[in-house]
Amino acid sequence: MSTTSHHPLAMASSRPAHEPRPTEGEHERQRDRWISELVQVHGDSAHRTAYRLLGDSDEASDAVQEALATVLRRWTDLRTPDAAKSWFFRILVNECISRQRRAKVRDTALRLIGRPASANEELSEASGFSHSVLPQLMRLPAKQRTALVLRFGDERSVAEIAELMGVSPETIKTHLKRGLGQLRKALLSKEARA
């Protein structure tokens with residue numbers, strides 16, 4: 001996202017002290033322009049990230065829309081335009097983690113009453129993971145799966161993932177190590193059975 005003076009947040013924060021504050025209508029128009037720019041610049045990337053985390057295109061679209069709704073409600077919380085992308089993606093990742101937890105609870109409840117759980121194995125090649133890894137990846141705890149998807153699917157650095165997930169880089173390294181260990185163990189067990 002551009003940080004030039006045409007950016008609504010940059011304009012709002014660079015206003016001279018003697019200049020009147022924007023009216024409510026102007027404030028809303030600035031917000032709407034900012035949200036529109038965010039969607040245009042980062043919408044596809046956001047959907048890919050959510051899809052990799054959730055394993056379902058419709059669920060990913062819902063997560064992106066919910067994250068955008070949160071951004072819309074809280075856009076004045078953003079202090080600098082430079083942080084807009086990571087702030088939005090942090091909200092999106094948190095939304096995906098919440099959805100993963102709810103899905104796990106729902107699937108467990110369905111199994112307990114004898115109904116099949118939802119199938120997350122429908123992921124396509126667009127997910128960035130092979131079909132043999134996907135079912136195992138979807139079984140990992142939400143934070144481990146999120147760290148692995150952001151690291152290997154989105155090719156983000158440990159520092160970026162830590163910022164998005166709101167934890168230390170050391171915690172991300174632990175999630176990655178444990179998640180990779182569980183994946184390796186599950187895949188080796190699957191090979192031994194075959």
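Read-outs: derived from the displayed coordinates by stated rules, not from any lab. Just so it is clear, the structure is predicted and the values come from calculations on it, not from any experiment. Ideal geometry is used to build each Cβ from the backbone, glycine not excepted, and the neighbour counts take in all protein chains shown.
Setting aside same-chain residues fewer than 8 positions from residue 185, which lysines have a Cα under 25 Å from its Cα?
Straight-distance partners of residue 185: 104, 143, 173, 177.
Between residue 41 and residue 167, what's the calculated FRET efficiency when r is the beta-carbon distance and R0 is 22 Å? Round to 0.05.
According to the calculation, E is roughly 0.25.
Beta carbons within 10 angstrom, averaged per residue: use that to sort the peptides 46-52, 35-41, highest first.
46-52, 35-41
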